[in-house]
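One structure is given here, and the rest of the page talks about it.
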Amino acid sequence: MKHRTPVIVNILIILTILFIAYFMFEQNASFLSSPYFWGTVIISIILALIQNSIGDLIENDKFKRLTDEEKAAYLQEKKMPYLQRMYQSAFKKQSSTEEKDLLLDHGFDGIMELDNQLPRWWLGLFWFGVAYCIVYLLSFWLTDFAHPEKEYDTEHKMQIAAVDEYLKTAPQTTLETAEFKADNIAEGQELFKTNCVTCHGDGGKGGIGPNLTDNFWINQPEKKLFKNVFNMAWNGSPNNPAMRAFGKNGELSGNDIEKIAAYVYHINQEQPPITTAQGGAAPQGTEAHWEK
Ligand code: HEC
């Protein structure tokens, strides 16, 4: 007669599966304070206990029908702790008489094959795996659990929010602290494309707004070209409201304007001007003599 798994082991397995299932569906540990979770735990424990007492009754009944010898062997084995019994059953070797009973007939090829029963620990793991698989599939199907794109999305959103939060409090560049940095040109070009190109044309060749590649400037509030561009983008033009105060009105941050100004400085000082012959706008304002 086989020994049964102690009820406490069954309860532990049930609790593990319940924990995993709740965790997968909830995606966090908040269920630990939910009455539903503890409700299922209590009901499962009660069911396990009921199943155990029914098992006890059946076991008693079967026990009565054993011979005295079998009874003694059974009681002897029952004294052994559960884990030790599992360990022994996992590595048990049959005697040669036991092997004969298990031998499958392979008359034609002479190979010896034993029809061993799978060890209970193996079967236990197998059924645990099956139960886990069902929980996993259901939660994958019904919730956002384990979907890489969704996880990526949430993480991405969190990162963007963190960057925004940082930028809100991070010190921004001002007219006083802004500096030309060659590293900013590439990003400045992208920002120029989204914010300035509509009026100042491709590459700053001019359109509604003046040509930014030549040396003629309507507005020259600063002595240095880089600061002049920063000033214009921050404060806008005092003469023409079309050139609005991108910085002051909060449309662009100081850091962004620093980048755009680096790009405008680059196309004005480090590249040849786009002349009228090349499709650039005619010079406006007076010739500038920028300080280096
Ligand atoms: C809606 C059209 C428009 C947009 C968008 C615009 N500008 Fe202008 N910008 C102008 C006009 C018009 C002027 C001429 C202002 C004046 O006459 O004083 C100007 C002037 C300027 C000047 C001074 C040029 C000079 O000769 O005095 C700079 C520098 C400048 N803009 C930079 C920028 C930057 C950088 C951006 C993008 C952040 C931008 N502008 C976006 C229309 C625009």
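Observations
- Computed on the Cα trace of region 89-180, the radius of gyration divided by the Kirkwood hydrodynamic radius gives Rg/Rh = 1.54.
- Dipole of the chain, positive end: most advanced residue of Y166, S237, A277 [Cβ charges, Cα centre]: Y166
- Those GluC sites (Glu not before Pro) in region 133-178 that DSSP places in a loop and that have at most 14 other beta carbons within 10 Å: E176
- Shown in residue order for region 252-262 are the 3J(HN,Hα) couplings computed by the Karplus curve 6.51 cos²θ - 1.76 cosθ + 1.60 at θ = phi - 60°: 10, 7, x, 5, 5, 5, 4, 5, 4, 5, 5 Hz (x for Gly and Pro).
- Taking a ≥ b ≥ c as the square roots of the eigenvalues of the alpha carbon gyration tensor, region 9-65 is prolate, as a/c is not under 1.5 and a/b beats b/c.
- Surface composition of the chain: carbon plus sulfur atoms contribute 62% of the solvent-accessible area (1.4 Å probe, protein chains only, all chains present).
- Residues in region 115-130 carry Karplus couplings, in order, of 8, 5, 7, 5, x, 5, 5, 5, 4, x, 4, 4, 5, 4, x, 5 Hz; the curve used is 6.51 cos²θ - 1.76 cosθ + 1.60 with θ = phi - 60°, and Gly or Pro positions show x.
- What the Cα atoms of region 1-42 give is an Rg and a Dmax of 13.0, 44 Å.
- Working from Cα pairs under 8 Å separated by at least six residues, relative contact order for region 182-287 is 39 percent.
- Angle between the chain longest axis and helix 185-195 axis [Cα atoms, degrees, rounded to 10]: 80
- Net charge dipole size for the chain [Lys, Arg +1 and Asp, Glu -1 on Cβ; Debye, nearest 20]: 680
- Comparing Cα centroids, region 195-212 and region 242-285 end up 7 angstrom apart.
- F63 versus C133: modelled label distance in nm, points set 7 Å from Cα along the beta carbon direction: 3.7
- Proximity of backbone amide H atoms, modeled 1.01 Å from N, is registered between M243 and S237 at under 5 Å, excluding neighbours fewer than 5 places apart on the same chain.
- Average accessible surface area per residue within the chain, 1.4 Å rolling probe, Å²: 69
- Ranked by the mean number of other Cβ atoms within 10 Å of their residues, highest first, the peptides 276-285, 197-206 come out as 197-206, 276-285.
- Under Karplus coefficients 6.51, -1.76 and 1.60, residue-wise ³J(HN,Hα) of region 219-224 in Hz, glycine/proline x: 9, 9, x, 10, 8, 9
- Residue-averaged 222 nm ellipticity for the chain, from DSSP H runs of 4+ at -39500 (n - 2.57), nearest 500: -18500 deg cm²/dmol
- Taking the convex hull of Cα positions in region 182-287, its mean projected area over all directions (nm²): 6.0
- Taking 0.36 nm per residue of sequence separation and removing the Cα-Cα distance, the D56/K79 pair yields an extension gain of 6.7 nm.
- With Cα atoms, 0 to 90° folded angle of helix 7-26 axis to the chain main axis: 20
- The angle separating the long axis of helix 35-64 from the principal Cα axis of greatest extent in the chain is about 20 degrees.
- Column: log10 I(q)/I(0), Debye, Cα scatterers of the chain, q = 0.08, 0.14 Å⁻¹: -0.63, -1.06
- When the Cα positions of G207, H3, F128 are compared along the charge dipole of the chain, H3 comes out farthest toward the positive end, with charges on each C-beta of Lys, Arg, Asp and Glu.
- W122 accessible area, assembled protein chains, probe 1.4 Å, Å²: 110
- Entries of K79/K100; K2/K93; K168/K224; K168/K223; K193/K224; K157/K227 with Cα pairs more than 27 Å apart: K79/K100; K168/K224; K168/K223; K157/K227
- A Cα-only calculation for region 224-266 places Rg and Dmax at 9.6, 25 Å.
The values are calculated or read from the model by the stated rules, or taken from the named source; none is laboratory data. Every value quoted in this text rests on a predicted model; they were computed, and no experiment measured them. Counting neighbours? That spans all protein chains shown, and the Cβs are built from the backbone with ideal geometry, glycine included. Accessible surface is based on the protein model in full, side chains and every heavy atom, while ligands, DNA and RNA are left aside. Shrake-Rupley method; radii C 1.70, N 1.55, O 1.52, S 1.80 Å.
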